[in-house]
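What follows is a set of notes on a single structure, which appears directly below.
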Amino acid sequence: MKILILSDLHSSAKALKLLRNILDQQKIDLVLSPGDIVDHYDVNALEYIKKFLNLCRQFKVPLKVVFGNNEPEEMIGF
């Protein structure tokens, strides 16, 4: 079983590109993200998290997330 653990993306477009490449090139069985996917002050945080979730859905990889101190409250219910 291959588990990809990634944290502190802080709304980085480069991080999403790298995630796409990894998911495309390797058979990842589970993605774990222990927080700070987005930056609390990013006005596009919700769009970023949607892109992140859609990548995992696209590659049919289960995702487990623990929200960090940078995720806005409205994202926790998302």
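Computed values, structure above
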quantity	calculated
Cα long-axis angle, helix 13-25 against the chain (0 to 90 degrees, to the nearest 10)	20
Additional length obtainable on full extension of the chain from Gln58 to Glu74, 0.36 nm per residue less Cα span	3.4 nm
The chain: angle of helix 45-58 to the longest principal axis, Cα-based, in degrees nearest 10	20
Cleavage-rule hits (trypsin sites (Lys or Arg not before Pro)) in the range 16-47: DSSP loop, at most 10 neighbouring Cβ within 10 angstrom	Lys27
Dipole axis of the chain (+1 Lys, Arg; -1 Asp, Glu on Cβ), positive-most option in Asn21, Pro34, Ile49	Asn21
Solvent-accessible area per residue for the chain (1.4 angstrom probe, square angstrom)	66
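The values are calculated or read from the model by the stated rules, or taken from the named source; none is laboratory data. Remember, predicted model here, so these are calculated numbers, not experimental data. Here the Cβ is made from the backbone with ideal geometry for all residues, glycine too, and neighbour counts use every protein chain on show. We work out accessible area using only protein heavy atoms, side chains counted, and drop any ligands, DNA or RNA first. Shrake-Rupley method; radii C 1.70, N 1.55, O 1.52, S 1.80 Å.
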